[in-house]
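Report on one structure; see the data block that follows.
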Amino acid sequence: MTVGNRPTVALVTSARTPGGLWRHLRELAVGLAGSGIDVRVCVPGDADALRAEAARLHIPIADLGDSASADVVHFHLADTYDRAALAGVLAARRRKPKIVITEHLPRTNASDRALATRTPRPGATAGKSLAKAAQFAAASRVIAVGEGSKSFLLERYRLAPSKVIVVHNGVRMPADGGTQRPARPTRAAGPHFVAAGTINYQKGFDVLIAAAELAGQPWTVDVWGDGAHREGLQARAGRTTGPDGNPRIVFRGWTDELNRHLIESDGLVMPSRWEAFPYTSLEAMAVSRAVVGTRVDGLDETIVDGVTGLLVAPQDPAALAVALDALSTDPELREQMGVSGRVRVAAEYRLDQMIAETLDVYAAVTPVLRTALSRIAA
């Protein structure tokens, strides 16, 4: 229900830790509040880090199920088969608000047989399809963060094309527009790249290590992040050395200063097996860094091959090694790609665009919010 003249939106997620989804939700909450929306964020009771950051940003926080009075309840799925989110959607439906669902990572090895690492249990695929059908039936609109994700949702779950709307992730551009570029540290070992993300099978850091074993040029990579696979990969990476005898790939752990590490690097490498529309590639392009990535959902939209970076097939260490070797020997090409990437992000993937397009989705599903937004704009 509206509060005074302000429409209300509840942003709901079962995520408990920071990451791309939380960043999206946090930025959206701040942007919606600035647009005159009465917004609150609903998270699990034990999501301490998220609650602390929301409090710091003066974002009203509520428990996961406390969305009853909102005009729009917007679920952000931490997992496409998130059981807590499914229960939340079905419970919210009984209260009859307008429901919007954002699928942050719909294509995974659990939802796409082409990515599966083992044969699914009998009946698992059908059961998951039924659960998703119930969830989507409750929603007025489903937001996909990229065109690849939209295509997958339409094909996998047979959704009506009009129900699925693409709203790309968006980032803040540097205050100087990217024109003031700090000098990068000089590294005697050669060009230095950055990789980032949860250390798991999806992100393909094992493929990166294999590429380092095949490399012909003396590039190095710092991997920022943590996860269940870190210990084993770190041990393997320690045995993969460059011409100076030092490891080519170093796992540095979690950082909250990724932007600084990107600025100090010669580019970003993303060897992912699957994605949807990752923030990291946008962040690198926004600070004028070339990106080497795989031809998977999201990366194949943001990276223009040969213009803003290089694209290779996933799980192909030889191709990844060739791409990194090529960029490491051509600083002018890295520079040109970085500038082109910044221009592309500024034109296509700004945060204000993401917020405006999300508001358009809300306005399309509820006359109350559409009327209130028209009044605010006037």
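Throughout, read-outs are computed from the coordinates displayed, never taken from laboratory work. Not measured: the values here are computed from a predicted model. Every residue, glycine among them, receives a Cβ derived from its backbone with ideal geometry; neighbour counts consider all protein chains shown.
When all alpha carbon pairs of the stretch 192-348 are counted in 5 Å bins from zero, the resulting P(r) reads 2, 11, 21, 24, 23, 14, 4, 1, 0 %. In this Cβ point-charge picture (+1 for Lys and Arg, -1 for Asp and Glu), the chain has a dipole of about 1360 debye about its Cα centre.
For the stretch 184-272, a crude dipole built from +1 on the beta carbon of Lys and Arg and -1 on the beta carbon of Asp and Glu, taken about the Cα centre, is about 100 debye to the nearest 20. Computed about its Cα centre, the charge dipole of the stretch 192-348 is approximately 240 debye, with only Lys, Arg, Asp and Glu carrying charge at their Cβ. Projecting the Cα atoms of Tyr279, Thr358, Val296 onto the charge dipole of the chain (Cβ charges, centred on the Cα centre) puts Thr358 farthest toward the positive pole.
Provide the FRET efficiency to the nearest 0.05 for the Ala228-Thr371 pair, computing r from the beta carbons and using R0 = 51 Å. The partial results should precede the final answer.
Numbers: r = 49 Å, r/R0 = 0.95.
Calculated transfer efficiency: 0.55.
Once the gyration tensor of the Cα atoms in the stretch 1-158 is diagonalised, the equivalent ellipsoid follows with semi-axes of 28, 17, 14 Å, ordered largest first. Pairs of Lys residues in the chain, spaced 8 or more positions apart or belonging to different chains, with C-alpha separations under 24 angstrom: 13 in total.
Write down the percent of antiparallel bridges among all DSSP beta bridges whose residues are both part of the chain, to the nearest 5. Of all bridge pairs located within the chain, approximately 5 percent are antiparallel.
Can you sort Met270, Met173 by how many other beta carbons sit within 10 Å, fewest first?
Numbers: Met270 26, Met173 17.
Fewest-to-most ranking of Met270, Met173: Met173, Met270.
With r as the distance between the Cβ atoms of Leu333 and Glu357 and R0 = 35 Å, compute the FRET efficiency 1/(1 + (r/R0)^6) and round to 0.05. After rounding, the FRET efficiency stands at 0.60. When all alpha-carbon pairs of the stretch 318-372 are counted, what percent fall beyond 14 Å? The answer is 70 percent, as a whole percent. Histogrammed with a bin width of 10 Å, the alpha carbon distances of the stretch 249-294 distribute as 25, 57, 18 percent, first bin at zero.
Spacing of the modelled spin labels on Thr255 and Ser162, each 7 Å from Cα toward Cβ, amounts to 4.8 nm.
With r as the distance between the Cβ atoms of Thr108 and Ala364 and R0 = 25 Å, compute the FRET efficiency 1/(1 + (r/R0)^6) and round to 0.05. Could the numbers behind the result be given before it?
Details: r = 28 Å, r/R0 = 1.13.
Once the sixth-power term is evaluated, E becomes 0.30.
Positive end of the dipole of the stretch 49-98 (Cβ unit charges, origin at the Cα centre): among Tyr81, Ala92, Ala54, the Cα lying farthest that way belongs to Ala92.
Tell me, in nm to one decimal, what length is gained between Glu147 and Leu130 on full extension, where the rule is 0.36 nm per residue of separation less the Cα-Cα distance?
Details: separation 17, 0.36 × 17 = 6.12 nm, distance 2.36 nm.
Additional length available on full extension: 3.8 nm.
Among residues other than Val365 whose Cβ falls under 11 Å from its Cβ, what is the net charge (Lys/Arg +1, Asp/Glu -1)? Don't jump to the answer; show the numbers that get you there.
Details: positive: Lys98, Arg141, Lys163, Arg370; negative: Asp71, Asp360.
Summing Lys/Arg as +1 and Asp/Glu as -1 gives +2.
Taking the square roots of 5 times each eigenvalue of the Cα gyration tensor of the chain, largest first, gives ellipsoid semi-axes of 37, 24, 18 Å. Spatial offset of the stretch 107-124 relative to the stretch 1-55 amounts to 32 Å, using the alpha carbon center of each.
Fully extended, how many nm does the chain gain between Arg23 and Glu213 (0.36 nm per residue separation, minus their Cα-Cα distance)?
On the way: separation 190, 0.36 × 190 = 68.40 nm, distance 3.42 nm.
Working it through step by step, the gained length comes to 65.0 nm.
Shown here for the stretch 189-259: GluC sites (Glu not before Pro) in loop regions (DSSP other than H, G, I, E, B) with at most 10 other Cβ atoms within 10 Å, namely Glu257.
Counted residue by residue at 0.36 nm each, then reduced by the alpha carbon distance between them, the extension gain from Ala313 to Ala235 reaches 25.5 nm. Each of Pro218, Ser111, Pro174 was scored by the projection of its Cα onto the charge dipole of the stretch 83-239, and the greatest displacement toward the positive side belongs to Ser111; charges sit on the C-beta of Lys, Arg, Asp and Glu. Using alpha carbons only, how many angstrom separate the centre of the stretch 231-268 from the centre of the stretch 300-378? Spelled out, the Cα-based centre of one part sits 25 Å from the other. When you restrict to C-alpha pairs under 8 Å that are six or more residues apart and normalise by the size of the chain, the relative contact order lands at 15 percent. Per-residue ellipticity at 222 nm from helix content only, as computed over the chain with -39500 (n - 2.57) for each DSSP H run of at least four residues, stands at -12500 deg cm²/dmol.
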